[in-house]
Amino acid sequence: MKLITTLLTSNDIPKLKRLIRSVQGVVKIQPIQWEVVIVVNSTREGYYEQVLELDQPFRVVNTESNGKPGKGKNACLDVFLASDCDFVSQIDGDDFLYPTYLQSIWNHVRQFPNLDVLGVIPCDCVCDWELHSGHYWWVNEKYHASVWGTSMCSPREKCGPDVGHLFTEDRPVSVDFIMLQSRKSARYRFSETIGNGEDHAYTYQLLGAHQRGDISYYLSMSSDMYCIDRTTEGSAQKVHSYEEYLEPLRQEALKYVSLERSSPYELPVIYKELLLNHHQKQRWLNSFLNTVENQL
């Protein structure tokens, strides 16, 4: 299996350095031939040159940006399709990987070799406020962490097709974070006009393709691949208001799915034992973040 991981960056050198450091700490495994590419998609003059100056081992690709996150994510898909890799895993430049990232991905592909899309439901994150969810603690004065300690819980009680949360809740959130795509699924493109929620809209496009039998889309309860940073200033979530994108997102979703079958929980869910429990995550995050913060 050949995997390409794209590190998408637009404006934050310190966070990119941190991501690169985490990539270098991932445990390599024999079944995966792994390539890592930094994809620069920025409207900031001189940012590409700043990335080139970094002391790091990965190829850097500069791509055209319109200031919308979907443009950058499509650029990552283009880099993937221009390669000879079987799968792509897109990582935003302000997030970072656990050492178990490759092993967790391989455990899913080995058991489900037909998968075209793998979306992860649980979200480990670091914030600059107290998020009292799951196992949580202050890593330092800057970061408050919230992580999952189990993968053996159902994301919902009700089963079967129904109206999705996007149309029934006032403030719906994206069901999953897409961590892996095949070449077949990469022909589907992100919206390049939505300022916030492009990944949310993409879920519905891929859900529609799964319903038609064109791709195989799985959800996973594994939280041992990566951790999200919710502190980044200038991120799409902070620049574009939620209310600004919600109605366009709903209209975008209805291009691909019917209202009556708009629940992503129609997708099959994978349950695997975590490679890192919450105590191990706490020890790793404390060591990694505090070490990186002192060195960058």
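A short reminder: the numbers here are calculations on the coordinates, not readings from a lab. Everything numeric in this text was worked out from a predicted model, so none of it was measured. Every residue, glycine among them, receives a Cβ derived from its backbone with ideal geometry; neighbour counts consider all protein chains shown.
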> Quick one: in the chain, what % of C-alpha pairs are over 32 Å apart?
Replying inline: 21
> Taking springs between alpha-carbon atoms closer than 10 angstrom, which of A82, A145, A253 fluctuates most in the Gaussian network model of the chain?
Replying inline: A82
> Anyone know which of E266, E252, E244 comes out most mobile in the 10 Å Cα GNM of the chain?
Replying inline: E244
>> From the phi angles alone, apply the Karplus equation (6.51, -1.76, 1.60; θ = phi - 60°) to segment 42-57 and give each ³J(HN,Hα) in whole Hz, x where the residue is Gly or Pro.
In response: 9, 9, 7, 4, x, 5, 4, 4, 4, 5, 4, 6, 5, 8, 8, x
> Among S42, S222, S83, which one moves the most in a GNM of the chain with springs linking Cα atoms closer than 10 Å?
Replying inline: S83
> Pairs K2/K142; K28/K68; K142/K272; K73/K255; K28/K281: which are spaced more than 26 Å apart, C-alpha to C-alpha?
Replying inline: K2/K142; K28/K68; K142/K272
>> For a quick check: sort D12, D55, D128 by the number of other beta carbons within 10 angstrom, fewest at the front.
In response: D55, D128, D12
>> With n ≥ 4 as the cut-off for DSSP H runs, can you work out [θ] at 222 nm for the chain, using -39500 (n - 2.57) per run divided by the number of residues, rounded to the nearest 500?
In response: -9500 deg cm²/dmol
